[in-house]
Amino acid sequence: MVYVRCGCREDIGDERYLKQTQITPCKQSSKEAPQFCVKDSKESEEIPETRWYRAESVLMKGRFLYASGKGCRMINFKENEELATLNHSCAHMMAHAIKHLYPQAKFWVGPVVEEGFYYDVDLGDATISDEDLPKIEKEMKKIAKDGKRIVRHEITKEEALEQFKDDEYKIDLIQRMPEGTNISMYTQGDYTDLCRGPHVDNEKLCRYFKLIKHSGAYWKGDKANKVLQRIYGVCFPTEEELNAHLADLEDAKARDHRKLGKDLQMFMFSDTVGAGLPMYLPNGFIVRRALSDYIMNKELDQGYVHVMTPSVANVKLYKISGHWDHYKDDMFPAMQDRRDPDNAYVLRPMNCPEHMIMYKSKLHSYRDLPVRIAEVANDFRFEASGALTGIERARAFTQNDSHIFCRPDQIGSEIKDVTKLILDVYGDFGFKNYSFRLSLRDPNNKDKYFGHDELWEKSESELREVLKEMDVPFYEAEGEAAFYGPKIDVQVRSALGHDVTLSTIQLDYQLPERFELEYVDKDGEKKRPVVIHRAILGSLDRFIAFLLEETKGELPLWLAPKQVVVIPVSPEAHSAYGKKIVDELKAMGIRASLDDRNEKLGYRIREAQTNKIPLEIVVGDGEVSSNGVTVRRYGSKDQKQMSADDFYKDLREQIVEKK
């Protein structure tokens, strides 16, 4: 039987039943304890693709069932105690096998991580290669088949120091343990290791595993230390669950935006230019410009004005804003002015301070508010090299940023309008799996935030009330606020199972105080405005990465860098007509090209598919004589013949409707 955790009821069925059900969020779910309701869906043989939910919490007689497919995505192995225990035991079994194959091996730590388990190993002069992983797996299978029990026992610290006296890694661990404490160890056959546990009963339970990859890792994460060899793996209770997970890993590789960006010639990196500094190629720049134009037009319709501010500013600006004290470690180092020692400049990490100065440059009446300043701005953050992830997390990026300066009585309506804009944009992109998070101050660590309790309680309450008035489902998360105020974050679940913050709305009483912003109220008195920081697309770079992974590079027609390719059947006989079609498409503003290379027709069609061009137009004798086209959409084998004029009309409608 399969038991699905649910706050309101418990549904029971077999594995086949689960595959024929719809998983929906339980009303009693929370971010910290995701729960799901299951209802019968006789009409569908699989979980609908339109909503994706994690279902790794499904319990089957004490074992975890991993429901694969688009209904359920990547597992976090640390979230399930039983699955974490199984993977921890498998890490020990891997160490057991390595010790058989490499008697000189010494082991540091082998924890469970979100993606499975790993072990850091010192093999002396030996080096692990891709070809070695199958050898280790083969030895692991022999050990699992033998099925030795995993037995826990305790010894004193003195005994442990004696037993592992020739192992500097174990000695380091043991010496850090308090005096007089017993140390737990686990033995399986001829292998013994220090460990807190817990573990499964015997190694046979770890037989459904796979070693995923290997890499180098500094001992204790310190680059001054020796590089150890880290080997990653995963383990599941059943072969079906393992195979499902491996299939999802392959899907994840195909969706990796770094691979797609390279294959589709959208962006590149160069060590010579610098780590984390993306360079957009023509295809990528077309997408960036289309996104920028799209969101700027949306903002113009909402009464925003667009500005441009410099990418570098005086450090004094960020001292006023507080970023220098709270954010300096994440900024690039300051550049001292050689001609003026009293001044230093720094690449900006965000745009708020510049917009504050812009607002302050003139006197405002209460009738002028709200003032909505928006910018598509280049920003820079000195991210740690280990945190860099393609264009998802880079050191140079572009933000769709805005600051709304309003009166206190306008807060509710402005936040509602921003929320509606977010939902409108998500509708255009077809986003469905997202949630609203109210990000609050950490009440146990108030020193990291600006301002006093009264302002924080006021601003948190105002955001909470707006969400309730709009009847928007949300959850609260302490410690996720910005240092100057609480915020509403929109968390979107990606195709790879990641939670991505795409949009944010922040309420700020602090920066208006620090910059002494004012407006003249109807009573003639000068008063402080409130600032609403908001980002709809957020970082354009991260948004593009998200779209690439969500669509596997199959960008929608209106956004694709190459929208239409015209392929003449015979380059000699039909290229003139093909060029006529391309010229007419370009006159309409369509990104079209002609592939009249002297290659076979099938080859050119396959290449258009490889480049994920949304529409292929094939023209031959029939199309020339009828002034028509044969249309084939990417990913489909169906072809449709129509007149050129009807195709142009249909194409315009698809682009306007964001298809």
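The values are calculated or read from the model by the stated rules, or taken from the named source; none is laboratory data. Note that the coordinates shown come from a computational prediction; the quantities given were computed from them, not determined experimentally. With ideal geometry, Cβ positions are generated from the backbone for all residues, glycine too; neighbour counts draw on all protein chains shown. These area figures cover heavy atoms from the full protein model, side chains too; ligands, DNA and RNA do not enter into them. Shrake-Rupley method; radii C 1.70, N 1.55, O 1.52, S 1.80 Å.
Taking 0.36 nm per residue of separation and subtracting the current Cα-Cα distance, fully stretching the chain between residue 498 and residue 523 would add 3.9 nm.
Restricting the range 225-283 to trypsin sites (Lys or Arg not before Pro) that sit in a DSSP loop and have at most 16 other Cβ atoms within 10 Å of their own Cβ leaves 226. Taking all Cα pairs closer than 8 Å and separated by 6 or more residues, the relative contact order of the range 174-262 comes to 19 percent. With a cut-off of 13 Å between beta carbons, the residues surrounding residue 330 carry a summed charge of +1, where Lys and Arg count +1 and Asp and Glu -1.
Computed over the range 424-525, the alpha-carbon pair-distance distribution with 5 angstrom bins reads 2, 11, 19, 19, 17, 13, 9, 6, 2, 1, 0, 0, each value a whole percent. In straight-distance terms, cross-link reach from residue 78 covers every one of the lysines whose alpha-carbon lies under 20 Å from its own, apart from those fewer than eight places away in the same chain; here that gives 31, 61, 210, 213. When the P(r) of the range 516-659 is calculated, the portion above 23 Å amounts to 46% of the C-alpha pairs. With N as its number of residues, the range 567-610 has a Cα radius of gyration that, divided by 2.2 N^0.38 Å, comes to 1.16. Across the chain, C-alpha contacts under 8 Å between residues 6 or more apart give a mean separation that, scaled by the residue count, equals a relative contact order of 9 percent. If you model the range 153-210 as an ellipsoid using its alpha carbon gyration tensor, with each semi-axis the square root of five times an eigenvalue, the axes come out at 25, 12, 10 Å, biggest first.
For the residues 306, 364, 498, a 1.4 Å probe over the protein chains yields an accessible-area ranking, largest first, of 498, 306, 364. At a Förster radius of 41 Å, what calculated FRET efficiency corresponds to the Cβ-Cβ distance of residue 213 and residue 573, to the nearest 0.05? Given R0 = 41 Å and the Cβ-Cβ separation, E is 0.20.
Given Cα positions, please report Rg to Rh for the chain, the hydrodynamic radius being the Kirkwood one. My calculation of the ratio gives 1.01.
Using the Cβ of residue 102 as centre and a radius below 12 Å, the other residues enclosed give a net charge of -1, where K and R count +1 and D and E count -1. Couplings for the range 584-598, taken from phi via the Karplus curve 6.51 cos²θ - 1.76 cosθ + 1.60 with θ = phi - 60°, read 5, 5, 5, 5, 7, x, 8, 7, 10, 9, 10, 9, 10, 5, 7 Hz in order; Gly and Pro are left as x. Under a cut-off of 19 Å between alpha-carbon atoms, report the aspartates and glutamates in cross-link reach of residue 141, not counting same-chain residues fewer than 8 places apart. Those aspartates and glutamates meeting the cut-off are 130, 131, 132, 190, 201, 203, 239, 240, 241. Net charge dipole, the chain: roughly 820 debye, given to the nearest 20, about the Cα centre with Cβ charges of +1 for Lys and Arg and -1 for Asp and Glu. The charge dipole of the range 274-352, taken about its Cα centre with unit charges on the Cβ of Lys, Arg, Asp and Glu (plus for the first two, minus for the last two), comes to roughly 160 debye. For residue 156, the solvent-accessible surface with a 1.4 Å probe is about 50 Å², rounded to the nearest 10. Which of the residue pairs 253/649; 135/612; 579/612 have a Cα-Cα distance greater than 30 Å in the structure shown? Listed pairs above 30 Å: 253/649; 135/612. The value of relative contact order for the range 479-620, using C-alpha pairs under 8 Å at least six residues apart, is 19 percent. The GluC sites (Glu not before Pro) of the range 394-458 include none that DSSP puts in a loop with a beta carbon having at most 14 other beta carbons within 10 Å. Helical content alone sets the calculated 222 nm signal of the chain at -10500 deg cm²/dmol, taking -39,500 (n - 2.57) per DSSP H segment of four or more residues and averaging over every residue. For residue 409, the shell of other residues with beta-carbons less than 14 Å away shows a net charge of +2, using +1 for Lys and Arg and -1 for Asp and Glu. Separation of the range 327-369 from the range 157-185 is 54 Å, based on Cα centroids. For the pairs 637/658; 420/527; 328/527; 145/170, flag any whose C-alpha to C-alpha distance is greater than 24 Å. Going by Cα-Cα distance, 420/527; 328/527; 145/170 fall outside the 24 Å limit. One decimal place: the segment residue 424-residue 285 gains 47.6 nm when fully extended, by the rule 0.36 nm per residue minus the C-alpha distance.
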